[in-house]
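Some notes on the structure that comes next.
Rule-based calculations on the coordinates, nothing more; no lab input. Note that the structure is a prediction, hence the values are computed from the model and not measured.
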Amino acid sequence: MQQISDRISRVYSDSLEETVKSLLQSLGKLNRPYLTVVEEKLLSVLELEYGRIP
């Protein structure tokens, strides 16, 4: 879960579009230690789009 949280934190910014912020907040509230295939793809796209891949 910490890895998911770290990834979300690297992407999140107050300057993001509301839709993106809402998606990241929803992913951060999940009560499981993994992302589904679709959730993983969405987070990966956001990491690519916002250039915050380590």
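Structure values in brief
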read-out	value
Answer label for Cα Rg over 2.2 N^0.38 Å (calculated), chosen among (1) 1.71; (2) 1.38; (3) 1.02	(3)
Normalised contact order of the chain, rounded percent, pairs of Cα under 8 Å and 6 or more residues apart	46 percent
